[in-house]
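Below is one structure, written out as structure tokens; comments come after it.
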Amino acid sequence: MAMMHNKKKKRIFPRRKICRFCADSTMLIDYKDLKILKYFTTERGKIIPRRISGNCAKHQRELTMAIKQARQIALMPYLAKTTH
Amino acid sequence: MRRYEVLYIVHPDLTDEETKAVSDRYSDLVTAQKGTIIKVEDWGRRRLAYEINKQDKGSYILIDFYGPGSMIKEIERNFRIDDKVLKYLTVKTRDPFDPSMLEKEMEEKARPESLISPEEAEETPEKPAEEPAAEPAAEKEPEEGE
């Protein structure tokens with residue numbers, strides 16, 4: 001059991017993803033820019049978590065805020081209907 | 001001085017002229033409240049992401065302006081009374097705002113456009129990187145369980 005445990009200790013580190021907004025300073029977070037906001041939401045309209053998108057904390061915070069603002073003014077859906 | 005942006009939705013049943021009248025009314029209101037308008041954008045009729053007052057379309061109008069913070073209260077009060085306006089959103093874009101910053105911004109705006117195109121092209125191959133990322137995360141979980 002102990003041996004098995006040792007074997008499994010070899011951890012695979014996921015490739016460190018880079019924050020898109022840090023890498024490209026011309027990419028600004030704006031609640032009016034639907035192209036960018038849509039890219040960071042699922043089909044259902046949910047915000048994609050940081051662990052998947054690779055955004056840094058600062059930009060994820062700004063992005064979340066922008067998406068929520070866009071939702072308030074009906075540019076983005078709170079919940080999107082998916083067609084099956 | 002603070003810089004604001006107000007985006008509001010006008011009822012879709014109004015004619016273009018009536019919509020323009022509503023837009024002018026609010027522009028005048030901003031000026032009357034000692035605000036200075038930087039620009040007014042008419043986005044035209046768009047589909048709303050969800051229904052508001054049984055309407056699934058609306059005309060979006062954006063006003064970009066700067067002025068004292070106290071004016072917002074009066075503007076929003078008017079939006080709330082007006083039933084031609086379905087919804088509004090006020091966003092503070094810069095605080096404090098110095099009107100002299102505006103000139104600098106205009107200069108900068110003219111420049112970066114040439115920068116955008118090469119970097120956008122670079123971004124496309126990055127897209128598939130998202131999917132393999134999900135896998136290592138899934139592999140990790142059973143490890144932690146033991």
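The values are calculated or read from the model by the stated rules, or taken from the named source; none is laboratory data. Computed from a prediction, not measured in an experiment: that's the story for all the values here. Here Cβ is always computed from backbone atoms with ideal geometry, including for glycine, and neighbour counts include all displayed protein chains.
Okay, residues lined up against (1) more than 25 Å from A:A70 (Cβ to Cβ); (2) over 18 Å from the mean Cα position of the chain (by Cα):
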site: B:R3; (1), (2): no, no
site: B:I9; (1), (2): no, no
site: B:L14; (1), (2): no, yes
site: B:A21; (1), (2): yes, yes
site: B:S27; (1), (2): no, no
site: B:V30; (1), (2): no, no
site: B:Q33; (1), (2): yes, yes
site: B:R45; (1), (2): no, no
Taking the conditions exactly as written (at pLDDT below 95 and touching a helix residue (DSSP H, G or I) at 6+ places or on another chain (Cβ under 6 Å)), does B:Q33 satisfy them or not?
yes
Suppose we filter the range B:12-39 for residues that are of a type outside the set (G, A, S) and either under 18 Å from B:K87 (Cβ atoms) or assigned to a helix (DSSP H, G or I) (or both); how many remain?
16
Against the conditions (1) part of a loop (DSSP other than H, G, I, E, B); (2) out of contact with any Asp or Glu (no Cβ under 8 Å at 6 or more places or on another chain); (3) of a type in the set (V, I, T); (4) modelled with pLDDT of 90 or more, where does A:I18 fall short? Just the number, please.
(4)
Just checking, does the range B:55-62 include any residue being modelled with pLDDT under 95, charged (D, E, K, R) and under 27 Å from A:M65 (Cβ atoms)?
yes
Verdict on B:I9 being crowded, with 19+ Cβ neighbours inside 10 Å and not in a helix (DSSP H, G or I)
yes
Restricting the search to the range A:54-69, which residues are more than 8 Å from chain B (Cβ to nearest Cβ), of a type outside the set (S, T, Y) and not in a loop (DSSP other than H, G, I, E, B)?
A:A57, A:K58, A:H59, A:Q60, A:R61, A:E62, A:L63, A:M65, A:A66, A:I67, A:K68
